[in-house]
Amino acid sequence: MNLKEVLKLADEIVFTKTGQHLDDLQTAVLRGTLQRETYKQIAKEFDCSESSVRNAGSELWRILSEELGEEVNKSNLRAAMERVQNSNILNFAQNVSGSFNICGESRHPPDLPNSHPPNQEASNTQSPQTLHQDLSEMPDLGAFYDRTSELDTLKTLILQQRCRLIALTGISGIGKTALAAQLVQQIKHEFEYAIWCSLDQSYTLDKFQQQLIQFFSESENPDSLPTNQKPLPLIKYLQNYRCLVVLDDIHNLFSSGEFAGKYKPGYEDYRFFLKQIEQLSHQSCFLLIGWEQPREVPHYQSSNDPICTLQIPGLDIPAAREILRDYGLAAIENDSALISRYQGNPLWLQTVATLIQELGGCAHEILLDDTILLPERLKDILQQQCDRVSEIEKQVLSLLAQASEPINLAKLLENRLILPSYLLNAMQSLCRRCLIEKQAEFYRMQPVLRQYINSTLM
Ligand SMILES: Nc1ncnc2c1ncn2[C@@H]1O[C@H](COP(=O)(O)OP(=O)(O)OP(=O)(O)O)[C@@H](O)[C@H]1O
Ligand SMILES: [Mg+2]
């Protein structure tokens, strides 16, 4: 679709919903979005504040999302509009009163198993099943690039293989939360309930269960006054309904200064709860996101397990390039080397891009050689992660940071300061935290982390 066609279609959709045509600012947001401009650039061209553009954008995405029955945002506008055009649904909508909703169509790809509970099959073909959602804690999606393969893998695990528990891990800033938010928007209509919980430091199992049970019981019976009737245990809801439950920042359940994934005192009952999620028969899916995963969740997946881990890699070069472009670094020389140096980690790249933006050309020139800049914000991010590791892990990190090449276990064991059994556990823990990588027989540390560790006295 060309720009004119997208604008015309968007205008029709907005008019259907609000009775008003697109105004000039909304048109500028759509045009800028299609030309892959940032909000800042659109604001400059339209001669207004960035916040006005952001607000106009959020309102537009909300209207379009509601009308199309799928999340529409800056990164998928064109694709969403093309889907509408292909589905011809607008013609249908113009013939009926009120708004239209693409969820009315069956959303199941032909070869996917029906993901609805057996007793609701009648609702699958024409009308959408009711989705109850509490996604108020899910972060707003900003620009989102690529991740096609990770999204496909997750959809296969959740919708086809019916995994009950999936851990998304990866170093801070790699994009776990953004990926999960994108996934939720894409698959939430396959579920009857979708809830996102960001775990803070005090999120006990009791608090979590109460929040979920309240959500289920209120949406089952919205008009009922509180009664003395005992609510069902959480697992019953997970068995009766197909629910998607996202727990973000799950590392808050685990102790600092211990090997990865050890529950903090007072949080051990999560172990039993998650075991139930894994082992009992139910139709729901839990997505656990964080720097560490529970020890019971294996780091590597064996086929057809109801439980698995997906370690999120950095963005590939074209996607990471888009991030640099958003920061006004479109024509940076040898950007692929820069992206690789920062592992395609979107947050790390953002911190470096901000530094270059703020300092101008000189920082840009420094980046042309192999220098690894560590902006203060990036140091803070790395410090948060490194502060969590145990003393033995710190020793191993120092050893690896000083080694000029990847190092194998035999070589590490030559170091007599750490007992072999502790050393092996420390290596396992560091791999689980994604602070070191294993390639064939060798362990290595990413350059950014090496630079950070060597520049601090751990
Ligand atoms: N695919 C993507 N395209 C564009 N920006 C992205 C993408 N993934 C992540 N980002 C951006 O990178 C930053 C870090 O992402 P995110 O918060 O998802 O990381 P995280 O792995 O959850 O980090 P943490 O472990 O600290 O919570 C955010 O500003 C996010 O918008
Ligand atoms: Mg996150």
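FYI, it's all coordinate maths here, none of it is from the lab. No experiment lies behind these values; they were computed from the predicted model shown. Ideal geometry is used to build each Cβ from the backbone, glycine not excepted, and the neighbour counts take in all protein chains shown.
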Do you know the relative contact order of the stretch 257-402, to the nearest whole percent, from alpha carbon pairs under 8 angstrom that are 6+ apart?
-> 24
Short version: ³J(HN,Hα) in whole Hz for each residue of the stretch 312-328, in order, from phi by Karplus 6.51 cos²θ - 1.76 cosθ + 1.60 (θ = phi - 60°), x for Gly and Pro, what are they?
-> 8, x, x, 6, 6, 4, x, 5, 5, 4, 4, 5, 4, 4, 4, 9, x
Residues Asp134, Asp269, Asp200 arranged by fewest to most Cβ contacts within 10 Å | Asp200, Asp269, Asp134
Total charge dipole magnitude, the stretch 382-455, about the Cα centre, Cβ charges on Lys, Arg, Asp, Glu only, Debye to nearest 20 | 80
Ranked packing of 183-195, 429-441, most packed first, by mean Cβ within 10 Å | 183-195, 429-441
Rough spin-label spacing in nm, given labels placed 7 Å along Cα→Cβ, for Asn334 and Ser65 = 4.1
Contour minus Cα-Cα distance for Lys379 and Arg36 (0.36 nm per residue) = 120.4 nm
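Which peptide among 240-252, 372-384 comes first, and what is the full order, when sorted by highest mean count of other Cβ atoms within 10 Å?
Going by the mean number of other Cβ atoms within 10 Å, highest first, we get 240-252, 372-384.
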Could you put Lys262, Lys17 in order, starting from the residue whose Cβ has the fewest other Cβ atoms within 10 Å?
-> Lys17, Lys262
Per-residue HN-Hα couplings for the stretch 34-46, Karplus 6.51 cos²θ - 1.76 cosθ + 1.60 at θ = phi - 60°, whole Hz, x for Gly and Pro?
-> 5, 8, 6, 8, 7, 4, 4, 5, 4, 4, 5, 5, 8
Based on the alpha carbon coordinates of the stretch 382-455, what radius of gyration and maximum Cα-Cα distance (Dmax) apply, in Å?
-> 11.2, 30
Would you mind checking which residues have amide H under 5 Å from Gln133's amide H? H placed 1.01 Å from N; only 5 or more apart, or other chain.
-> Ala194
Estimate the FRET efficiency between Asn86 and Glu45 by the formula 1/(1 + (r/R0)^6), using the beta-carbon distance for r and 25 Å for R0, to the nearest 0.05.
-> 0.25
What are the residues whose amide H is under 5 Å from the amide H of Ser198, where those residues sit 5 or more places off or on another chain and H is modelled from the backbone?
-> Asp248
What is the order of Met1, Met427, fewest Cβ neighbours within 10 Å to most?
-> Met1, Met427
